[in-house]
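Below is one structure, written out as structure tokens; the observations come after it.
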Amino acid sequence: MCGIVAYIGHREACPIVLKGLKRLEYRGYDSAGVALLGADKQFKVYKKSGKVTDLEESIGSQDTTAHTGMGHTRWATHGVPNDVNAHPHMSGSGKFAIIHNGIIENYAALKSALVKRGHEFKSETDTEVLIHLIEEVYDKNDVTFEEAVRMALTQVIGAYAIVILSNQDPNYLIGARKGSPMVIGVGENEHFIASDATPIVEYTRNVIYLNDGEMAIIHNNQLTVKTIDNTIKTPYIQELEINLESIEKGGYDHFMLKEIFEQPRSILDSFRGRIHINDGRISMAGIDKFEDKFKNLERIIIVGCGTSWHAGLVGEYLFEDFARIPVEVEYASEFRYRNPVIDERDFVIAISQSGETADTLAALELAKSRGATIFGVCNVVGSSIPRLTDAGAYTHAGPEIGVASTKAFTAQVTALLLMALSVAQKRGSISTQRLREMMIEIETLPAKVEKALLTDDQTKKIAEEFKDTKNALYLGRGYGFPIALEGALKLKEISYIHAEGYPAAEMKHGPIALIDEEMPVIVIATNHSNYEKVISNIQEVKARKGKVIVIATEGDTHVASMADHVIYIPDCEESMLPLIATIPLQLLSYHIAVLRECNVDQPRNLAKSVTVE
Ligand code: G6P
């Protein structure tokens, strides 16, 4: 939520900041702003509700000369999206400017105390409170800019990634983080700060992922990293793995479509180097580490949000099928606020594309505090979850920019499949022969996904027929059920059509009342267990005049006689169905959203990385 970017160095700051904001727009896109500070020590602040391009237009030919600057793209929490609430925010006398990603939880108490002491606020944001506080500390005490920031932060409860500038010195910039991500780019006589590495990669590959509770102080081209309580840290500079092509559209109309079509490759990348057919083993360092624990493990708990939670449901089936371990899948947001029964015998897996989702992080922290072993399945390298966990498995899907998750989901499922098989091997719950068959089957996945992508034209035609529907129902059983949930989520996220995913048999207990001749019902009816049962469910829908779109296994002519449309996908192992059957559902949602002229990559009200609870 919210993207922040800052630059200090020898180049013009404004173009770098604006370009960076466009790359971070997936994090929030209801308003944006920049603050520029040149040698004249005068802040130039431009803010606008709407997209970064609206901000750019509103800046027009106004003066942007400055070698120091910062920008923010907002996903509103406190205060409606408008020009005033957009960041940056200024301190009362205009000495300091701040951009902020996160929530200051005690802002109300801080604000009322500040108001009593005569501070006047312009916006409704929690962020403005912090910059007033910094200025007050600075003015009342004989302290430096850095000390004022540190002293103010000790009074703050909540999550933040902030960057602050002071008009006293344009060669001075301070960043700090607690609970929200921050990456520092270290170039030749220049430094960058951003919520993730995408605004930085074009200029330098050397980055530092700031740890929680740390500050980056950049003064006269010198970077110092300290904890908020003033202990100097030796920063670990690492080389970025992402490249520029992976964060650009590459000829596709939308990132989402590009990412859908990247799946043969991203799935391959998530199992590459991990399966060894000749040796008959799967190697995942994070899993191998707990070999002894797995032998007697009694329970796995999986936590996640959104699409990652759906991947968790697939994980449940995989671990139960192969490793014979009971699994509970929890919404991270619910788990963290219950009083879950959990102890050191448990193994908790967090699934998160971004590795930053606030609820998932908090659920893991809770599990850790109760002594459980915590494990992350994440996509973004160096993000907060991998740094908190005891071990993990990266999904290697590459940067996912479209807000609706596609390739990250299939990469998560691939990683979970490998994990389940690896644990099964350690527990002796899978035969050598069966494991070998599974590995051979995994190697066929990229080709099968490629084939599933050939449904693109057909899904586009179906989309034309159903683009004006008000509701849609997705049904599946077994591995088809999480696919139904994910299909429905994709549709509602990007096309704003109400959609529900249901276990096919549960339809009789409610959703069947919704079915009429207007209602498209999308059914996963492949040639796996429960096929006959799902066919009966299709008949039940047809008997109520629903429009049936079936995802079926190629060659199945039987189902064609009872469906309005059949989308054929290649035959596959049942446990790998989510990796194939999800593809046409992603395409269907995409085409419906495009036909409805929705903003596919940046759907309203959503953000890709939800760093507030
Ligand atoms: C947001 C995104 C979803 C994502 C969910 C969890 O809601 O829009 O696409 O599935 O967060 O994010 P995570 O990064 O933890 O997978």
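The values are calculated or read from the model by the stated rules, or taken from the named source; none is laboratory data. Source: prediction; values computed, not measured. All Cβ positions, glycine included, derive from the backbone under ideal geometry; neighbour counts span all protein chains shown.
A compact table of results
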quantity	calculated
Some residue of the range 422-431 being of a type outside the set (S, T, N, Q), more than 9 Å from the ligand (Cβ to nearest atom) and on the phi > 0 side of the Ramachandran plot	yes
Residue among E437, E450 that is more than 23 Å from N211 (Cβ to Cβ) and either within 13 Å of the ligand (Cβ to nearest atom) or more than 27 Å from the chain's Cα centre (by Cα) (or both)	E437
Test: residue in the range 340-348 that is more than 16 Å from the chain's Cα centre (by Cα), outside any loop (DSSP other than H, G, I, E, B) and either more than 16 Å from the ligand (Cβ to nearest atom) or among the basic types (K, R) (or both)	yes
Those residues of the range 181-212 which are aromatic (F, W, Y) and under 20 Å from E25 (Cβ atoms), in sequence order	F192, Y203
Tabulated pairs, the range 61-72, first of a type in the set (S, T, N, Q), second in a strand (DSSP E or B), C-beta under 6 angstrom, 6+ apart or interchain	T64/L36; T68/I8; T68/L37
Any chance I515 is out of contact with any Phe, Trp or Tyr (no Cβ under 7 Å at 6 or more places or on another chain) and within 22 Å of L587 (Cα to Cα)	no
Residue satisfying all of: in the range 374-388; outside any helix (DSSP H, G or I) and within 13 Å of the ligand (Cβ to nearest atom); nearest to K293 (Cα to Cα) among these	G376
Matching residues in the range 52-66 - criterion: being assigned to a loop (DSSP other than H, G, I, E, B) and either surrounded by fewer than 19 Cβ atoms within 10 Å (Cβ to Cβ) or out of contact with any strand residue (DSSP E or B) (no Cβ under 7 Å at 6 or more places or on another chain) (or both)	G60, S61, Q62, D63, T65
Residues located in the range 261-270, provided they are surrounded by 20 or more Cβ atoms within 10 Å (Cβ to Cβ) and either at pLDDT below 95 or in contact with a His (Cβ under 9 Å, 6 or more places away or on another chain) (or both)	S266, S270
Residue in the range 568-588 that is of a type in the set (S, T, N, Q) and within 16 Å of the ligand (Cβ to nearest atom) present	yes
Verdict on V449 being surrounded by 20 or more Cβ atoms within 10 Å (Cβ to Cβ) and outside any helix (DSSP H, G or I)	no
Test: residue in the range 466-480 that is crowded, with 17+ Cβ neighbours inside 10 Å and assigned to a helix (DSSP H, G or I)	yes
Odd one out for L297, checked against (1) buried (at least 19 other Cβ atoms within 10 Å of the Cβ); (2) more than 16 Å from the ligand (Cβ to nearest atom); (3) part of a helix (DSSP H, G or I)	(3)
Selected residue [at pLDDT 95 or above and in contact with a Ser or Thr (Cβ under 6 Å, 6 or more places away or on another chain)] from K448, K490	K490
Hits in the range 18-46 (condition: in a helix (DSSP H, G or I) and of a type in the set (S, T, Y))	Y26
Among residues of the range 274-294, those that are part of a helix (DSSP H, G or I), surrounded by 14 or more Cβ atoms within 10 Å (Cβ to Cβ) and among the aliphatic types (A, V, I, L, M), counted	1
Some residue of the range 152-160 being in contact with a His (Cβ under 7 Å, 6 or more places away or on another chain), more than 14 Å from M90 (Cα to Cα) and in contact (Cβ under 8 Å) with a residue 60 or more places away in the chain	yes
Any hit, the range 390-401, residues being touching an Asp or Glu at 6+ places or on another chain (Cβ under 8 Å) and of a type in the set (D, E, K, R)	yes
Per-region count, the range 580-606, residues touching a residue at least 12 places away in the same chain (Cβ under 8 Å) and over 15 Å from H254 (Cβ atoms)	7
Residue tally, condition of a type in the set (V, I, T), farther than 18 Å from E573 by Cα and more than 14 Å from the chain's Cα centre (by Cα), over the range 406-426	1
Residue satisfying condition, being within 16 Å of the ligand (Cβ to nearest atom) and closer than 24 Å to G273 by Cα, within set G315, G286, G306	G315
Some residue of the range 314-326 being in contact (Cβ under 8 Å) with a residue 12 or more places away in the chain, buried (at least 20 other Cβ atoms within 10 Å of the Cβ) and touching an Asp or Glu at 6+ places or on another chain (Cβ under 7 Å)	no
Residue among A408, A393, A415 that is within 15 Å of the ligand (Cβ to nearest atom), at negative phi and outside any helix (DSSP H, G or I)	A393
Residue that is acidic (D, E) and within 30 Å of P340 (Cα to Cα), where the choices are E259, E245, E291, E239	E291
Check on V403, within 16 Å of the chain's Cα centre (by Cα), in contact (Cβ under 8 Å) with a residue 60 or more places away in the chain and within 13 Å of the ligand (Cβ to nearest atom)	yes
Test: residue in the range 316-329 that is small (G, A, S) and either closer than 22 Å to A159 by Cβ or assigned to a loop (DSSP other than H, G, I, E, B) (or both)	no
Failed item in (1) crowded, with 23+ Cβ neighbours inside 10 Å; (2) more than 10 Å from the ligand (Cβ to nearest atom); (3) closer than 20 Å to G158 by Cα; (4) free of Cβ contacts under 8 Å to residues at least 60 places away in the same chain, with T360 passing the rest	(2)
In the range 206-222, the residues that are out of contact with any Lys or Arg (no Cβ under 9 Å at 6 or more places or on another chain), touching a residue at least 24 places away in the same chain (Cβ under 8 Å) and surrounded by fewer than 17 Cβ atoms within 10 Å (Cβ to Cβ)	N206, H219, N220, N221
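Yes/no per residue for (1) in a strand (DSSP E or B); (2) in contact (Cβ under 8 Å) with a residue 40 or more places away in the chain; (3) over 22 Å from the mean Cα position of the chain (by Cα):
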residue	(1), (2), (3)
Y7	yes, yes, yes
I16	no, yes, yes
K48	yes, no, yes
T77	no, yes, no
